[in-house]
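What follows is a single structure, written as structure tokens, with notes after it.
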Amino acid sequence: SALRTLQELQRAGKIEKRYLALLAGRIRKGGWRADLPLQKNTLHSGERVVRVDPEGKPAVTHFTVLRRFTDATLVEAVLETGRTHQIRVHAAANGTPILGDAKYGSEAADRALRELGLRRLFLHAASLRFSWPEDHRNFAIEAPLPAELQTVLAALETHEKNVRTDCV
């Protein structure tokens, strides 16, 4: 019964999901709302690809800048809807794809981050929050950023300091 309740909360959009992502480029604004409909397509190979399409299903993602680097920006992404590849496609549509994203990303941007240790998509499910309908208890499940992604951020910080030092 607990699983059914969680599935219903999910369908009703009553589970708040927060993600951390490292995006290509330096985003100047503090945050933005991506309200772009998404259409799922299946290629001949069977691979699923999602595109922004006016005929697609509604999809809304809220992005908040957490940390700016010279060529990358750490953001928090909060889903209003939960579509396949939503954060990845909305970030790419903004011109700032998620680093390490082989499907929707930028090979040129990824190349530099690979040198700093990025070996996978820099997208992390950081937390889930919901209220249990029967007794209204609030639940918050948090997952710390994995060590391999923390290492990438630390390498970026070191790289930034070295670049600033070299320029002085």
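The values are calculated or read from the model by the stated rules, or taken from the named source; none is laboratory data. Keep in mind it's a predicted model, so treat the numbers as computed, not measured. Positions of Cβ are backbone-derived with ideal geometry, glycine not excepted, and every protein chain shown enters the neighbour counts. Accessible surface is based on the protein model in full, side chains and every heavy atom, while ligands, DNA and RNA are left aside. Shrake-Rupley method; radii C 1.70, N 1.55, O 1.52, S 1.80 Å.
Looking at R33, is it at pLDDT below 95 and not aromatic (F, W, Y)?
Numbers: at pLDDT below 95: no; not aromatic (F, W, Y): yes.
It is false that R33 is at pLDDT below 95 and not aromatic (F, W, Y).
Across segment 1-53, what is the number of residues that are part of a loop (DSSP other than H, G, I, E, B) and surrounded by fewer than 15 Cβ atoms within 10 Å (Cβ to Cβ)? Walk me through how you get there before you give the answer.
Within segment 1-53, the first condition is being part of a loop (DSSP other than H, G, I, E, B), and the residues that meet it are 1, 12-15, 25-30, 36-37, 43-47, 53.
With surrounded by fewer than 15 Cβ atoms within 10 Å (Cβ to Cβ) added as a condition, the list becomes 1, 12-14, 26, 28-30, 43-47, 53.
The number of residues fulfilling the criteria is 14.
Out of A93, A102, I need the residue that is free of Cβ contacts under 8 Å to residues at least 60 places away in the same chain, open to solvent by 90 Å² or more (accessible area, probe 1.4 Å) and closer than 23 Å to P37 by Cα. Which one? Before the answer, list the steps.
Details: A93 fails: open to solvent by 90 Å² or more (accessible area, probe 1.4 Å).
The match here is A102.
Among the candidates A143, A126, single out the residue that is surrounded by 16 or more Cβ atoms within 10 Å (Cβ to Cβ) and under 28 Å from A12 (Cα atoms). Spell out the reasoning first.
Numbers: A143 fails: surrounded by 16 or more Cβ atoms within 10 Å (Cβ to Cβ).
So the residue among A143, A126 that is surrounded by 16 or more Cβ atoms within 10 Å (Cβ to Cβ) and under 28 Å from A12 (Cα atoms) is A126.
Can you name the residue in segment 129-140 that is exposed (fewer than 13 other Cβ atoms within 10 Å of the Cβ) and touching a strand residue (DSSP E or B) at 6+ places or on another chain (Cβ under 8 Å) and is also farthest from K17 (Cα to Cα) among such residues?
Within segment 129-140, the subset exposed (fewer than 13 other Cβ atoms within 10 Å of the Cβ) is 133-140.
Okay, now just the ones that are also touching a strand residue (DSSP E or B) at 6+ places or on another chain (Cβ under 8 Å), so 137-140.
Numbers: R137: 17, N138: 14, F139: 12, A140: 10 Å.
In this case the residue turns out to be R137.
Could you tell me whether L23 is of a type outside the set (K, R) and farther than 28 Å from G117 by Cα?
Working: of a type outside the set (K, R): yes; farther than 28 Å from G117 by Cα: no.
It is false that L23 is of a type outside the set (K, R) and farther than 28 Å from G117 by Cα.
Restricting to segment 54-67, name every residue that is aliphatic (A, V, I, L, M) and part of a strand (DSSP E or B). Spell out how you get there, then give the answer.
Going residue by residue through segment 54-67, those that are aliphatic (A, V, I, L, M) are 59-60, 65-66.
Scanning segment 54-67 gives V60, V65, L66.
Output the qualifying pairs, or none if there are none: Cβ atoms under 9 angstrom, residues six or more apart or on different chains, first residue in segment 58-71 and farther than 30 Å from Q39 by Cβ and open to solvent by less than 90 Å² (accessible area, probe 1.4 Å), second residue assigned to a loop (DSSP other than H, G, I, E, B) and of a type in the set (K, R).
Final answer for the pair search is R68/R26; R68/R28; F69/R26; T70/R26.
Looking only at segment 28-57, count every residue that is of a type outside the set (K, R), in contact with a Ser or Thr (Cβ under 6 Å, 6 or more places away or on another chain) and over 11 Å from A91 (Cα atoms) and tell me the total. Talk me through it step by step, then tell me what you get.
Taking segment 28-57 as the starting set, the residues that turn out to be of a type outside the set (K, R) are 30-32, 34-39, 41-47, 49-50, 52-56.
Add one more test, that the residue is in contact with a Ser or Thr (Cβ under 6 Å, 6 or more places away or on another chain), and what stays is 31, 34, 50.
Now narrow it down to the ones that are over 11 Å from A91 (Cα atoms): 31, 50.
Residues that pass the stated criteria total 2.
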